[in-house]
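What follows is a single structure, written as C-alpha cells, with notes after it.
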Amino acid sequence: MQLVDIGANLTHESFRHDFDAVLDRAKHHGVVQLVVTGASRDGSTHALTLAQAHPGTLYATAGVHPHHAIDYDDATDALLRELATHAEVRAVGETGLDYNRNYSPRDVQLAVFERQLQIAVDVQKPLFLHQRDAHHDFIAVLRRYRDRVPAVVVHCFTDTGEALRDYLALDCHIGITGWICDERRGTHLRELVKEIPANRLLIETDAPYLLPRTVRPQPSHRRNEPMFLRHICDEIARDRGESPEHTAANSTAAARAFFGLPSD
Ligand SMILES: [Zn+2]
C-alpha cells in the first residue's frame, strides 16, 4: 500500500529532534510521498528547503495561513512568488480564511487571501486552501477565481454538507484529516465522506496537529505524525464501505494527479 500525505507541517519545531525517524516511520507505514505545508514566510522557505533535501519524497507548498495574514506585506508577496517558481513547490497556500480564531482581522484575511489567489493564477499552480467558520466569504471569493486556477484542494475539511456540496460543485478536491476520528466534533464527516468522488478525495494528517483520537495506543507526547495516515485511511475506508487498499489506491492516484507527483 502506498499513501501520500498531502498536508504535513514538517517544519514544526516538534519534528526537529527526530526528523529522519519520523520519515522512516512514515515510509514503514506506506506513506511514500508527503507535501510539506508552507504556512508562513519562514515556514514556506523552510518547506522548500526540506523538499530540496528529500527529492522524490518531500514536496512543498508556499503560502501564508490566515492566522498570519497580518504579517503579509509586499516583501512576503514577492517571496511567495519566487518560491512558487521552484519545481518542488507544488501548490500555492496554505491560504484561506479562519474566522474561528480571528488572529488576523477579517478584512486583512480577505485581502491576503486574494493576493495569494492571484499568485496561483499567475504561476498556474494548484491552491491549498484552509477554511474555518468562514464558508460564506470563502466561497464567494473562490467563485471569482476558480476558472483561472488549475486545481483547488480545500484541506482539512470539517464543515457542513452544504459547504461540501458547494466545493464539489466548483470542482474542488477535498482533504480529510484525522478530524473524522473525533467523536466530539467529527462524526458528521463519517457520512459526508461518502459523497466525495474517489478521484477528488485526498487524505492528510496535518501533523503535528490533529492526532487521531482513535489511534491506539495514544502516543504519550500527543504529537501527530505522518505514519498515522494509514489509520486515517482505514477509518475513511470503513466509512465509505470499501477496502483500505481501494481507498489508498484511489487517494494516492488523486494526490499524484493533483500535485503532479511521480509514481514509482
Ligand atoms: Zn489548515
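The values are calculated or read from the model by the stated rules, or taken from the named source; none is laboratory data. Please read these numbers as outputs of a predicted model, since none were measured by experiment. Glycine gets a Cβ as well: all are built from the backbone with ideal geometry, and neighbour counts include every protein chain shown.
Here are some notes:
- In summary, ALA39 fulfils each of the numbered conditions (1) of a type in the set (A, V, I, L, M); (2) more than 16 Å from the ligand (Cβ to nearest atom); (3) over 30 Å from GLU245 (Cβ atoms) with the single exception of condition (2).
- Pairs, first of a type in the set (S, T, N, Q) in segment 61-73, second within 15 Å of the ligand (Cβ to nearest atom), C-beta under 6 Å, six or more apart: THR61/THR37; THR61/GLY38; THR61/ALA91; THR61/GLY93; THR61/PHE128
- Condition check for ALA60: touching a Gly at 6+ places or on another chain (Cβ under 7 Å), of a type in the set (Gly, Ala, Ser) and assigned to a helix (DSSP H, G or I): no
- Among all residues of segment 1-20, there is none that is away from the ligand (no atom under 16 Å from the Cβ) and within 24 Å of GLN118 (Cα to Cα).
- HIS130 being more than 16 Å from the ligand (Cβ to nearest atom) and either part of a loop (DSSP other than H, G, I, E, B) or surrounded by 15 or more Cβ atoms within 10 Å (Cβ to Cβ) (or both): no
- Residue match in segment 165-175 (condition: on the phi < 0 side of the Ramachandran plot, away from the ligand (no atom under 16 Å from the Cβ) and in contact with a Leu (Cβ under 7 Å, 6 or more places away or on another chain)): yes
- Selection of segment 1-49 for residues being part of a strand (DSSP E or B) and either crowded, with 22+ Cβ neighbours inside 10 Å or at pLDDT below 95 (or both) yields LEU3, VAL4, ASP5, ILE6, GLY7, ALA8, VAL31, GLN33, LEU34, VAL35, VAL36.
- Identity of the residue in segment 71-116, of a type in the set (A, V, I, L, M) and within 16 Å of the ligand (Cβ to nearest atom), that ends up farthest from the chain's Cα centre (by Cα): VAL112
- Listing of helices (runs of 4 or more DSSP H) fully contained in segment 140-253 that carry 1 or more residues being within 16 Å of the chain's Cα centre (by Cα) and crowded, with 16+ Cβ neighbours inside 10 Å: 161-169, 229-240
- If the condition is being under 23 Å from GLU94 (Cα atoms) and among the acidic types (Asp, Glu), then segment 195-248 contributes GLU204, ASP206, GLU225.
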